[in-house]
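A.B. asks: Quick one: the structure is below, and I'll ask about it shortly.
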Amino acid sequence: MYDRYEGLIFDMDGTILDTESTHRQAWRQVLRPYGMHFDEQAMVALNGAPTWKIAQVIIANHQSDVDPHLLAAEKTALVKTMLLDNVKPLPLIDVVKAYHGRKPMAVGTGSEHAMAEMLLCHLGLRGYFEVVVGADDVTKHKPEPETFLRCAQLLGVRPERCIVFEDADFGVEAAKRANMAIVDVRLL
């Protein structure tokens, strides 16, 4: 089905790995001591954004002076302790396995690079991907196209010859801006 593309790029959280509920649980636990919470719909709209950007939005909504990078670091540390017990692959991993060795593939994620590497290794999936680009590997995050353009560059494939698999509005927009084909996995 995707044979006409030269490179396949996958978002990670919510696309190939089921991590969303764990991320939400970690946010709830981290925000509680600060007397903050998040709106579920607002959080869905921020899927694909780096953790510190999500922290900025939550803090702004509460008119708090908490450092977003500190809050993001707390959430990241907590989620690391929780994810290894809870993470599992989503059905789209079958596409990854079907194209392994046939097409170069990358992960382009809003998660930190080390977190992506840890999760993919933990599940025995790291070897399927030639490239992993995390939030800390770029300066302009989704919906900017830098994450996906960096994936294409590292794969050695022209952007217009790549297809991106995404589950978030920011990621879909980033793929469009990168001039790449898109599969919105929410529609599958």
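The values are calculated or read from the model by the stated rules, or taken from the named source; none is laboratory data. Model, not experiment: these values are computed from the prediction. A quick note on method: Cβ atoms are made from the backbone with ideal geometry, for glycine too, and the neighbour counts reach across all protein chains shown. Remember, those area values only see protein heavy atoms, side chains included, never the ligands or the DNA or RNA. Shrake-Rupley method; radii C 1.70, N 1.55, O 1.52, S 1.80 Å.
A.B. asks: Explain nothing, just the number: relative contact order of the chain, from Cα pairs under 8 Å at least 6 residues apart, as a whole percent.
C.D. replies: Worked out over the chain, it gives 29 percent.
A.B. asks: Could I ask something else about it? Quick one: compute the contact order of segment 1-91, relative version, from alpha carbon pairs under 8 angstrom and 6+ residues apart, as a percent.
C.D. replies: Relative contact order, segment 1-91: 43 percent.
A.B. asks: Would you kindly work out the equivalent ellipsoid of segment 20-84 from its C-alpha gyration tensor and give its semi-axes, the square roots of five times the eigenvalues, largest first in whole Å?
C.D. replies: Values: eigenvalues 54, 36, 24 Å².
For segment 20-84, the semi-axes come out at 16, 13, 11 Å.
A.B. asks: Which links in K53/K97; K53/K88; K75/K140; K80/K140; K53/K80; K75/K142 stretch past 29 Å when you go from one Cα to the other?
C.D. replies: K53/K97
A.B. asks: For segment 20-84, which whole percent of the accessible surface, found with a 1.4 angstrom probe, sits on carbon and sulfur atoms? It would help to have the intermediate numbers written out before the result.
C.D. replies: Numbers: 1820 of 3380 Å².
Here carbon and sulfur together make up 54 percent of the probe-accessible area.
A.B. asks: Among all stretches of the chain without exposed trypsin sites (Lys or Arg not before Pro) (DSSP loop, at most 13 other Cβ atoms within 10 Å), which one is longest? Don't jump to the answer; show the numbers that get you there.
C.D. replies: Values: sites that count: R4, R102, K140.
The reported range is 5-101.
A.B. asks: Quick check on the chain: helices-only [θ] at 222 nm, where DSSP H runs of length 4 and up contribute -39,500 (n - 2.57) each and the sum goes over total residues. Nearest 500, please. Walk me through the intermediate numbers first.
C.D. replies: Details: 8 runs with 84 residues, N = 188.
The helix contribution divided over the chain gives -13500 deg cm²/dmol.
A.B. asks: Sum up the charges of everything whose Cβ sits under 11 Å from the Cβ of V138, counting Lys and Arg as +1 and Asp and Glu as -1, but leave V138 out. Before the final figure, lay out each step's value.
C.D. replies: Details: positive: K140, K142, R150; negative: D136, D137, E144, E146.
So the environment of V138 carries a net charge of -1.
A.B. asks: In Å², and per residue, what accessible area does segment 20-84 have when probed at 1.4 Å with the other protein chains present? Walk me through the intermediate numbers first.
C.D. replies: Values: 3380 Å² over 65 residues.
Using a 1.4 Å probe on heavy atoms only, each residue of segment 20-84 averages 52 Å².
A.B. asks: Moving to a separate point now. With Kirkwood radius over Cα pairs in Å as the read-out, I listed (i) 18.4; (ii) 19.3; (iii) 16.6; which label goes with the value calculated from this structure?
C.D. replies: Correct label, based on the coordinates given: (iii).
A.B. asks: Give the cross-link partners of K103 among the lysines, using a straight C-alpha distance below 22 Å as the criterion and excluding same-chain residues fewer than 8 apart.
C.D. replies: K176
A.B. asks: Go through H62, V131, F148 and say which Cα lies farthest out towards the positive end of the charge dipole of the chain; charges sit on Cβ, +1 for Lys and Arg, -1 for Asp and Glu.
C.D. replies: Going by the Cα projections, it comes out as V131.
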